[in-house]
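The values are calculated or read from the model by the stated rules, or taken from the named source; none is laboratory data. Being a predicted model, the structure only gives us computed values, none of them experimental. Note that each Cβ is placed from the backbone with ideal geometry, even for glycine, and that neighbours are counted across all protein chains shown. These accessible areas exclude ligands, DNA and RNA; they are computed on the full protein's heavy atoms, side chains included. Shrake-Rupley method; radii C 1.70, N 1.55, O 1.52, S 1.80 Å.
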Amino acid sequence: MKDTEGYVTADGRQIGGVLMEMKNITLKFGGVTAISDISFDVHEGEIRAIIGPNGAGKSSMLNIISGFYTPTVGEVWYKGEKRPQMKPYEVARMGVARTFQNIALFEGMTVLDNVMTGRLTHMKASIASQALWWGRARNEEMENREIVEKVIDFLEIQAIRKTPVGRLPYGLKKRVELARALAAEPSILLLDEPMAGMNVEEKEDMSRFILDVNDEFGTTICLIEHDMGVVMDLSDRVVVMDYGKKIGDGTPDEVRNNQDVIDAYLGVPH
Amino acid sequence: MGGKDLAHLAEGAEGLRSVPALLHRNATEFGNAPAYREKEYGIWQSWTWAETEKEIEALALGLLNLGVNEGDYVAIIGRNRPTLYWSMVAAQSVGAIPVPLYQDAVAEEMEYVLGHCGARFAIVADQEQADKVIEVQDDLHQFEHLIYVDPRGMRKYDHSHLHEFSHIQEQGRAAREEFLPELKRRREKLTYDDTCVMLYTSGTTGKPKGVVLSNRNIIEAAKSSSQFDHLRRSDSVLAYLPMAWVGDFIFSIGQAYWCGFCVNCPEAPQTMYENLHEIGPTYFFAPPRYFEERITALTIRMEDAGRFKKWLFDTFMAHARKVGPKILDGKPVGMMDRLKYALGQVLVYGPVRNRAGMTKVRVAYTAGEAIGPEIFDFWRSLGINLKQLYGQTEASVFITVQPDGEVRSDTVGVPAPGVEIRIAENGEVFYRSPGAFVEYYKNPESTRDTKDPEGWVATGDAGFIEEDTGHLRIIDRAKDVGQMADGSLFAPKYVENKLKFFPNILEAVVFGAGKDRCTAFINIDLTAVGNWAERNNIAYASYQELAGHPQVLETVQKHVEEVNESVAQDDMLSGCQVHRFLILHKELDADDGELTRTRKVRRKIIGEKFDDLVTALYDGSESVYTETEVTYEDGRKGKIKATLEIRDAKVWPVKPKAMAAE
């Protein structure tokens with residue numbers, strides 16, 4: 001396709017080649033077409049946003065990337081290869097991690113334990129070994145804990161390490177979810193409305209963390225978000241969807257000036 | 001002090017004339033003892049004195065490599081971390097002067113201090129602090145290099161004058177051969193009269209002043225205070241109070257290096273309680289507010305506890321209040337009472353102390369503000385040796401301290417070892433001590449006003465010495481003590497403290513100088529009142545809404561009237577009863593300039609800022625509409641609008657009585 005090479009962003013960051021490519025994706029639920037013939041790519045190291053009004057098919061698209069849905073028509077290319085039909089956990093093992101629009105944490109478990117579950121795809125010890133806390137399980141647990149502690153430090157949630165998630169306020173739960181996704185050390189991180197329902201301060205914090213994750217670990221981020229201010233500030237490139245169709249794709253400025261987008265989504269100025 | 005002592009002072013304490021010299025002694029004599037601990041990645045990491053010396057040396061060499069000259073000022077900004085403590089000692093090692101700044105200061109405040117001391121270098125903790133310095137550095141002509149500890153988020157910055165802490169250390173290690181002789185030369189040159197540190201006072205009025213403290217000041221103060229409380233190498237402290245505050249410098253550097261005890265740094269500011277519990281320090285310092293907060297939190301939890309636990313807690317705490325302080329002071333207590341106290345120790349006091357991280361505390365201090373008698377007694381009744389001291393930056397902390405067994409909530413103790421005290425005719429307290437500061441930096445006028453040629457320093461506080469005990473009692477800031485219209489004494493802080501002793505009241509500001517009666521602004525304590533609201537199903541969305549709730553006003557009114565009753569008992573101050581009050585629509589905040597960074601009330605600024613409210617308090621109106629500008633955490637400004645209700649409080653008749661000579 002177009003530019004498989006990298007490019008340089010407005011703020012001077014070097015973006016790598018194509019990491020993931022969606023080719024002519026169509027998704028149908030019975031007679032309903034949720035997504036029709038959408039193609040776009042995600043470059044390595046960039047922050048890519050998918051925006052669109054309610055019911056545009058954004059979350060469905062994210063679910064296709066994470067392997068939860070299989071497209072009716074179309075292909076997902078990942079790291080230069082066509083991805084066969086896979087179970088979500090297999091996709092996760094390939095380095096795709098995500099957060100959910102409506103928080104999906106284990107409420108009764110502590111923050112630490114929740115974040116540790118993000119390491120599950122990296123653990124290989126047998127049940128017996130884990131039950132006895134012996135040999136491989138023990139070493140694995142320590143190695144994984146170290147990575148988890150770094151994530152906890154990074155997201156500044158040390159103070160709630162031992163707190164059951166059910167007792168946390170909403171904004172912090174969102175952060176814990178991000179921590180769990182990060183703990184998996186993903187190559188691509190999918191964020192489904194990371195700022196939904198947050199106040200201004202929480203949004204600022206979350207934006208900073210997203211930028212820091214991208215900057216510090218070089219993680220490619222693909223996010224869905226409603227808050228236009230946040231999207232335009234954070235992302236390098238934006239895909240705009242409406243009624244399951246792609247109506248725009250480009251840098252925030254290009255998208256902002258795209259007449260179709262203005263009409264369909266941002267509204268016609270009065 | 002005899003001539004022999006003075007000669008000894010010129011040489012330094014036991015021949016040690018600087019903090020780097022103390023470091024060297026510690027690393028040589030007990031190099032394997034822990035010097036610093038910091039919790040990181042969920043685990044306590046520790047450094048021995050020998051390792052600490054190496055880290056500091058590497059940094060000092062790196063600073064030489066960077067071109068730090070003798071006499072340069074090095075600003076240090078961030079929360080308590082070993083790296084930043086090392087930075088102070090490394091700066092001293094190369095003959096520079098460390099200037100710790102309050103980490104929560106906004107950029108303009110930093111600009112003033114950085115400009116005033118002409119700092120060429122700054123060592124900061126992270127991106128947040130770096131951003132503030134970068135924001136103002138264009139206006140600072142002398143400023144050259146910025147060093148940051150945590151590299152997170154710093155990658156994209158222009159690194160021509162920006163350095164990572166670990167890189168500076170690496171460069172220092174690499175150039176060890178080249179710079180070590182110079183480092184040794186500078187380290188050995190340090191004398192007892194060289195500047196150890198410069199600390200900016202928060203200043204309840206005007207611009208902050210740079211207090212110059214010499215090695216003599218710090219080491220003598222650390223030495224005598226350590227002896228007074230029998231501090232030793234096996235002690236440990238939790239360093240969590242601002243590094244720019246003199247107390248932290250004395251505890252975490254002065255006394256720690258003198259005694260060789262371990263300084264523990266929390267993982268993050270929010271984990272302080274948990275870390276305190278894990279470390280269990282033996283020597284602890286906290287402002288009164290801290291002790292209040294912990295009781296408030298404990299009370300809230302006990303309210304939610306089951307009936308039996310609540311009964312157990314109440315019964316044994318009542319017993320503790322009765323006999324606990326006596327047992328602590330070694331006074332006679334009956335056998336049955338002792339047995340009951342021992343039982344309480346197992347069931348209640350031990351667990352409470354443990355939760356508060358106070359199990360091992362041998363000496364705990366509170367200072368900075370007056371502490372409520374109930375709060376003070378609560379901790380002491382648990383068997384914690386909580387004492388008060390009175391001090392200030394200019395004195396290297398210690399002016400008076402309470403000796404073990406002579407502890408009371410209404411005095412601040414006897415003169416600390418080596419300190420002389422004099423009360424002036426107007427009641428102002430003066431002191432003279434080896435810890436008394438050298439001067440205010442670049443401010444000879446203020447120095448002259450505060451410190452006379454004989455070395456007596458004015459504290460700015462009014463007080464008196466109790467004749468029978470020799471303990472000092474502080475009444476108020478000398479300049480706040482005034483007269484009311486009828487000539488009777490006006491001491492606002494005395495009344496404010498009484499008000500603040502109620503858990504529901506966080507802050508109070510009393511007006512009345514030159515007026516016929518007193519009035520007050522009140523800030524409610526959101527934790528305590530919020531919990532009460534929750535319990536009584538009162539919904540509120542903000543501080544402002546809760547503050548304006550009629551039932552809250554009712555409760556506060558009762559508190560005010562109780563205070564009036566108690567104030568009326570005092571012959572001298574009975575005129576200070578609060579006739580009218582209002583609950584402020586915003587919390588007083590250091591970011592808005594209403595409090596100092598150490599959370600002291602800036603009376604004059606508040607009076608001017610809320611001029612309309614003060615007027616309303618005196619003109620008899622029942623409510624007042626006001627708009628106030630506030631500063632958000634990120635520096636943006638906003639406006640709060642509110643209509644405040646003003647209440648009249650009942651006052652008690654003043655008993656006419658002959659003035660007793662004090």
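Among all residue pairs at least 6 apart or on different chains, which show Cβ distances below 7 Å where the first residue, located in segment A:221-237, is basic (Lys, Arg) and the second is open to solvent by less than 30 Å² (accessible area, probe 1.4 Å) and in a loop (DSSP other than H, G, I, E, B)?
Sorted first by the residue in segment A:221-237, then by its partner, the pairs are A:ARG237/A:GLU46.
So is A:VAL213 within 19 Å of B:ASP126 (Cβ to Cβ), surrounded by 19 or more Cβ atoms within 10 Å (Cβ to Cβ) and within 14 Å of another protein chain (Cβ to nearest Cβ) or not? Write out each step before concluding.
Values: within 19 Å of B:ASP126 (Cβ to Cβ): yes; surrounded by 19 or more Cβ atoms within 10 Å (Cβ to Cβ): yes; within 14 Å of another protein chain (Cβ to nearest Cβ): yes.
Answer is yes for this residue.
Condition check: more than 30 Å from A:ILE160 (Cβ to Cβ) and buried (at least 20 other Cβ atoms within 10 Å of the Cβ). Does A:MET20 satisfy that? Quick ask: steps written out before the conclusion?
On the way: more than 30 Å from A:ILE160 (Cβ to Cβ): yes; buried (at least 20 other Cβ atoms within 10 Å of the Cβ): yes.
Answer is yes for this residue.
Check segment A:50-64 and report whether any residue there is more than 18 Å from A:ILE210 (Cβ to Cβ), without any contact (Cβ under 8 Å) to a residue 60 or more places away in the chain and β-branched (Val, Ile, Thr).
Looking for residues that are more than 18 Å from A:ILE210 (Cβ to Cβ), without any contact (Cβ under 8 Å) to a residue 60 or more places away in the chain and β-branched (Val, Ile, Thr), one finds at least one in segment A:50-64, hence yes.
List the helices (runs of 4 or more DSSP H) that sit entirely inside segment B:324-406 and contain at least 1 residues that are touching a residue at least 60 places away in the same chain (Cβ under 8 Å). Full working, then the answer.
Details: elements: B:335-344, B:350-355, B:373-381.
Answer list for segment B:324-406: B:350-355, B:373-381.
Identify, please: which residue in segment B:425-451 is surrounded by 15 or more Cβ atoms within 10 Å (Cβ to Cβ) and among the charged types (D, E, K, R) and is, among those, nearest to B:ALA221 (Cα to Cα)?
By that ranking, first place goes to B:ARG432.
Could you grab me the full set of residues in segment B:346-371 that are hydroxyl-bearing (Ser, Thr, Tyr) and either open to solvent by less than 30 Å² (accessible area, probe 1.4 Å) or touching a strand residue (DSSP E or B) at 6+ places or on another chain (Cβ under 9 Å) (or both)?
Residues satisfying the conditions are B:TYR349, B:TYR365, B:THR366.
Going residue by residue through segment A:175-190, is there one that turns out to be in a loop (DSSP other than H, G, I, E, B), open to solvent by 40 Å² or more (accessible area, probe 1.4 Å) and modelled with pLDDT of 90 or more? Please lay out each step first, then the result.
The initial filter retains those residues of segment A:175-190 that are in a loop (DSSP other than H, G, I, E, B), namely A:184-187.
Still in the list and also open to solvent by 40 Å² or more (accessible area, probe 1.4 Å): A:185.
Next cut, modelled with pLDDT of 90 or more only: A:185.
Scanning segment A:175-190, I find at least one residue that is in a loop (DSSP other than H, G, I, E, B), open to solvent by 40 Å² or more (accessible area, probe 1.4 Å) and modelled with pLDDT of 90 or more, so the answer is yes.
Given (1) surrounded by 19 or more Cβ atoms within 10 Å (Cβ to Cβ); (2) part of a helix (DSSP H, G or I), where does A:GLU204 come up short, assuming only one miss?
(1)
I'm trying to understand the selection: among the residues of segment B:27-70, which are open to solvent by less than 50 Å² (accessible area, probe 1.4 Å), more than 14 Å from chain A (Cβ to nearest Cβ), farther than 20 Å from B:GLU170 by Cβ and not in a strand (DSSP E or B)?
Matches in segment B:27-70: B:ALA27, B:PHE30, B:GLY31, B:ALA33, B:TRP49.
Among the helices (runs of 4 or more DSSP H) contained in segment B:125-239, which hold 1 or more residues that are small (Gly, Ala, Ser)? Walk me through it before giving the result.
Working: elements: B:127-136, B:165-174, B:176-189, B:215-228.
Qualifying helices (runs of 4 or more DSSP H): B:127-136, B:165-174, B:215-228.
Which condition does A:MET198 not pass, out of (1) more than 14 Å from chain B (Cβ to nearest Cβ); (2) touching a helix residue (DSSP H, G or I) at 6+ places or on another chain (Cβ under 6 Å); (3) modelled with pLDDT of 90 or more, if it passes all the others?
If we test A:MET198 against (1) more than 14 Å from chain B (Cβ to nearest Cβ); (2) touching a helix residue (DSSP H, G or I) at 6+ places or on another chain (Cβ under 6 Å); (3) modelled with pLDDT of 90 or more, just (3) comes out false.
Could you check A:THR219 against (1) of a type in the set (Ser, Thr, Tyr); (2) open to solvent by 20 Å² or more (accessible area, probe 1.4 Å); (3) touching a helix residue (DSSP H, G or I) at 6+ places or on another chain (Cβ under 8 Å) and say which number it fails?
That leaves (2) as the condition not met.
Could you go through segment B:334-342 and let me know if any residue there is within 14 Å of chain A (Cβ to nearest Cβ), of a type in the set (Asp, Glu) and open to solvent by 40 Å² or more (accessible area, probe 1.4 Å).
Taking segment B:334-342 as the starting set, the residues that turn out to be within 14 Å of chain A (Cβ to nearest Cβ) are none.
Scanning segment B:334-342, I find no residue that is within 14 Å of chain A (Cβ to nearest Cβ), of a type in the set (Asp, Glu) and open to solvent by 40 Å² or more (accessible area, probe 1.4 Å), so the answer is no.
Filter segment B:452-474 down to residues that are among the hydrophobic types (A, V, I, L, M, F, W, C) and open to solvent by less than 50 Å² (accessible area, probe 1.4 Å), then give me how many there are. Step through it out loud before you land on a result.
Step one: list which residues in segment B:452-474 are among the hydrophobic types (A, V, I, L, M, F, W, C), which gives B:456-458, B:462, B:464-465, B:472, B:474.
From what is left, the residues that are open to solvent by less than 50 Å² (accessible area, probe 1.4 Å) are B:456-458, B:462, B:472.
Matching residues across segment B:452-474 total 5.
Going by the structure shown, is A:ALA159 under 26 Å from A:ALA92 (Cβ atoms), small (Gly, Ala, Ser) and either away from every other protein chain (no Cβ under 14 Å) or free of Cβ contacts under 8 Å to residues at least 12 places away in the same chain (or both)?
Working: under 26 Å from A:ALA92 (Cβ atoms): no; small (Gly, Ala, Ser): yes; either away from every other protein chain (no Cβ under 14 Å) or free of Cβ contacts under 8 Å to residues at least 12 places away in the same chain (or both): yes.
The answer is no for A:ALA159.
Of the numbered conditions (1) closer than 24 Å to B:ALA35 by Cα; (2) open to solvent by 30 Å² or more (accessible area, probe 1.4 Å), B:GLY280 satisfies every one except a single condition; which is it?
The failed condition is (2).
Identify all residues within segment B:224-277 that are under 24 Å from B:ALA395 (Cα atoms), among the aromatic types (Phe, Trp, Tyr), under 20 Å from the mean Cα position of the chain (by Cα) and open to solvent by 10 Å² or more (accessible area, probe 1.4 Å); write none if there are none.
B:TYR240, B:TRP245, B:PHE251, listed by residue number.
Condition first: surrounded by 13 or more Cβ atoms within 10 Å (Cβ to Cβ), within 14 Å of another protein chain (Cβ to nearest Cβ) and free of Cβ contacts under 8 Å to residues at least 24 places away in the same chain. Can you find one or more residues in segment A:124-138 that meet it?
Taking segment A:124-138 as the starting set, the residues that turn out to be surrounded by 13 or more Cβ atoms within 10 Å (Cβ to Cβ) are A:125, A:129-130, A:135-138.
Imposing the further condition that a residue be within 14 Å of another protein chain (Cβ to nearest Cβ) reduces the set to none.
Checked segment A:124-138: no residue is surrounded by 13 or more Cβ atoms within 10 Å (Cβ to Cβ), within 14 Å of another protein chain (Cβ to nearest Cβ) and free of Cβ contacts under 8 Å to residues at least 24 places away in the same chain.
Could you check segment A:139-174 and list, in sequence order, the residues that are open to solvent by 30 Å² or more (accessible area, probe 1.4 Å) and acidic (Asp, Glu)?
A:GLU141, A:GLU143, A:GLU146, A:ASP153, A:GLU156
Quick check on my filter: what residues within segment B:291-317 are crowded, with 16+ Cβ neighbours inside 10 Å and among the acidic types (Asp, Glu)?
B:GLU292, B:GLU293, listed by residue number.
Here is a list: A:GLN85, A:GLN101. Which entry is touching an Asp or Glu at 6+ places or on another chain (Cβ under 8 Å), surrounded by fewer than 18 Cβ atoms within 10 Å (Cβ to Cβ) and not in a helix (DSSP H, G or I)?
Numbers: A:GLN85 fails: touching an Asp or Glu at 6+ places or on another chain (Cβ under 8 Å).
After ruling out the rest, the residue left standing is A:GLN101.
Of all residues being outside any helix (DSSP H, G or I) and among the hydroxyl-bearing types (Ser, Thr, Tyr) in segment B:407-455, which is farthest from B:MET572 (Cα to Cα)? Just the residue, please.
Just the residues of segment B:407-455 that are outside any helix (DSSP H, G or I), to begin with: B:407-443, B:451-455.
Now drop any that are not among the hydroxyl-bearing types (Ser, Thr, Tyr), which leaves B:409, B:411, B:431, B:433, B:440-441.
Details: B:SER409: 20, B:THR411: 18, B:TYR431: 26, B:SER433: 32, B:TYR440: 36, B:TYR441: 39 Å.
It comes out as B:TYR441.
Tell me yes or no: at least one residue of segment B:318-333 is open to solvent by 30 Å² or more (accessible area, probe 1.4 Å) and β-branched (Val, Ile, Thr).
Yes, some residue in segment B:318-333 is open to solvent by 30 Å² or more (accessible area, probe 1.4 Å) and β-branched (Val, Ile, Thr).
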